[in-house]
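These notes are about the structure you will find just below.
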Amino acid sequence: MEVKELKEKVKQVLQKYQLDESVLVDILHDIQAECGYLPKEVLEETSRGLGVPLSRIYSVATFFKAFSLEPRGRHLIHVCTGTACHVRGTVKVLEKMEQALGIKTGETTSDLKFTLETVNCVGACALGPMVIIGENYHGEMTPETVGPVLENYN
Amino acid sequence: MVKLTINGREITVEEGTTILHAARENNIYIPTLCENEAVAPYGACRLCLVEITTARGRERLVTSCIYLVEEGLTVRTDTERIGRIRRMLLELLLARCADSEVIHDLARQASVTRTRFTKQTGNNKCILCANCARTCEEVVGVAAISLARRGVDREMTTPFNEDFSEVCIGCGSCAYSCPTSAITLEDTDGTRVINWPHNQMEFKMKACSVCGKYWAPEKQVEYVARTSGTPLSDYDACPDCRE
Ligand code: SF4
Ligand code: FES
Ligand code: FES
């Protein structure tokens, strides 16, 4: 996306919230949904538009795990590392995942296809190890099923 | 006025006073580290904790620099439990800030001589109290730095960790407000150097047109002129020579 386009999106979101800085987290959520992530220019524009210091916006944007200041993949992978999934062998699944994608947890593949993250329990412990890709839940994962599951996404 | 008891002594203070100030007014000592009157109460270091029993009989541990006095409140500032928790806090702080004189002093006062935790390396004086950032925003109005990230990655820094801050005016309020001297300031012939936990910034100082003394960073002078709506030429001479 061009910087100009990004700034236009920021403007629209700020207008929707009537420049109310008390809902900064919601604003950042919407902006991220529009722009995919929170690039520097976008945070600067948000700061200017709301009249809130950039330092405060940076503080909030880096505090919540839901925000990303780096580009993210089209598909967001969450490997559950909660207690139940851990006991059921999630460590091996995560290792295989990192190996298959060639990235570490928290990173994004260079073709911007996948971003790999972990999560602590998604409430489906009986089906662990759980892997969530986008909106889809994949249960009873093993290192062997990692490859085939990833093939469903392009 | 509000009546309360601290360490068995009945005292009366104005409504809206914190327990800490009520204690100080009555010469009762509570150790503090991050408390700073110039900015809004925040409660980062937890060293000022006290035990309270409310008028309704509820017992709690609270940070006295934030908690406001209540009618009928009973406060204890030096129980065994508080001592135990405070010593633990100091051990943690000692591990985090091995180079901080202030923390060593507070630890010594509480008879803490060593820490069982792994000592942190790198810039190890910052306790993440945000006094610097809050002074910069609340008092100066610039907001050049802030706390970023969370958990073990939390740090005091500029937006995007940039080495140079466009907005910083070099006033040094952060250094003055830092309880542990994690931020330092040094003026040498015409230049001011401010060391933040993550970087270093240099500022050109303005020389007085009369006595020639360097009296403030140029950027700060420009900022003062701009925000007060006065012409920059008003600031050619230093405050001493301006009389
Ligand atoms: S640099 Fe000093 S004032 Fe700023 S957060 Fe760290 S300890 Fe507090
Ligand atoms: S621990 Fe993975 S779903 Fe609960
Ligand atoms: S002095 Fe109260 S929390 Fe630091």
Relative contact order in percent for chain A (Cα pairs under 8 Å, 6+ apart) equals 20 percent
For the protein assembly as shown, give the magnitude of the charge dipole about the Cα centre (Cβ charges: +1 Lys/Arg, -1 Asp/Glu; no others), in debye to the nearest 20.
1240 debye
Just to check I understand the Karplus step: with θ = phi - 60° and J = 6.51 cos²θ - 1.76 cosθ + 1.60, what whole-Hz values come out for the stretch B:236-241, glycine and proline as x?
5, 9, 6, x, 5, 8
Long-range alpha-carbon pairs in the stretch B:70-120, meaning those over 16 Å apart, account in percent for 44 percent
Where the Cα pairs of the stretch B:8-69 fall when distances are cut into 10 Å bins, in %:
22, 57, 20, 1
Fraction of the pair-distance distribution of the protein assembly as shown above 33 Å, Cα-Cα pairs, percent:
53 percent
List the lysines whose alpha-carbon lies under 16 Å from that of A:LYS9, not counting same-chain residues fewer than 8 positions away?
A:LYS40
Quick one: net charge of B:SER165's neighbours, Cβ under 12 Å, K/R +1, D/E -1?
-3
Cβ charges +1 (Lys, Arg) and -1 (Asp, Glu), total dipole of chain A, debye:
180 debye
Which value at 222 nm does chain A reach when only helices count, each DSSP H run of 4 or more adding -39,500 (n - 2.57), with the total divided by all residues and rounded to the nearest 500 deg cm²/dmol?
-14000 deg cm²/dmol
Tell me, B:LEU185, A:LEU19 in order of fewest to most beta-carbon neighbours within 10 Å?
A:LEU19, B:LEU185
So if I take the alpha carbon set of the stretch B:180-222, get Rg, then get Rh from the Kirkwood formula, what is the Rg over Rh ratio?
1.05
Rounded to the nearest 500, what is chain B's calculated 222 nm mean residue ellipticity when only DSSP H runs of at least 4 contribute -39500 (n - 2.57) each, over all residues?
-6500 deg cm²/dmol
Kindly express, to the nearest 10 degrees and within the range 0 to 90, the angle between helix B:80-96's C-alpha long axis and the longest C-alpha principal axis of chain B.
30 degrees
Dividing the alpha-carbon radius of gyration of the stretch B:1-148 by 2.2 N^0.38 Å, where N counts its residues, gives 1.13
One computes Rg over Rh for the stretch A:81-154 from alpha-carbon atoms, with the Kirkwood Rh, and obtains 0.93
Roughly what angle does helix B:218-228 make with the longest principal axis of chain B, taking Cα atoms, 0 to 90 degrees, to the nearest 10?
80 degrees
5 Å binning of all Cα-Cα separations within the stretch B:131-241, expressed as whole percents from 0 upward:
2, 12, 20, 23, 19, 12, 7, 3, 1, 1, 0
If you project the alpha carbons of the stretch A:1-146 onto their three principal axes, what span does each projection cover, largest first, in Å?
50, 30, 24
Net charge of neighbours whose Cβ lies under 15 Å from the Cβ of A:PHE64, counting Lys and Arg as +1 and Asp and Glu as -1
+1
Residues other than B:GLY212 with Cβ under 12 Å of its Cβ, Lys/Arg counted +1 and Asp/Glu -1, net out at -1
For the stretch A:20-37, 3J(HN,Hα) per residue [Karplus equation, 6.51 cos²θ - 1.76 cosθ + 1.60, θ = phi - 60°, Hz, x = Gly/Pro]:
8, 5, 6, 10, 3, 5, 4, 4, 5, 4, 5, 5, 5, 4, 6, 9, x, 7
Ordered by fewest other Cβ atoms within 10 Å, a rough proxy for footprinting exposure, A:ARG72, B:ARG114, B:ARG150 read B:ARG114, B:ARG150, A:ARG72
By Cβ neighbour count within 10 Å, fewest first, B:ILE28, B:ILE19, B:ILE52 rank B:ILE28, B:ILE52, B:ILE19
Mind checking which lysines have their C-alpha under 28 Å from B:LYS119, skipping anything on the same chain fewer than 8 residues away?
A:LYS65, A:LYS104
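Where a number appears in this text, it was derived from the coordinates with a stated rule and is not lab data. Source: prediction; values computed, not measured. Glycine gets a Cβ as well: all are built from the backbone with ideal geometry, and neighbour counts include every protein chain shown.
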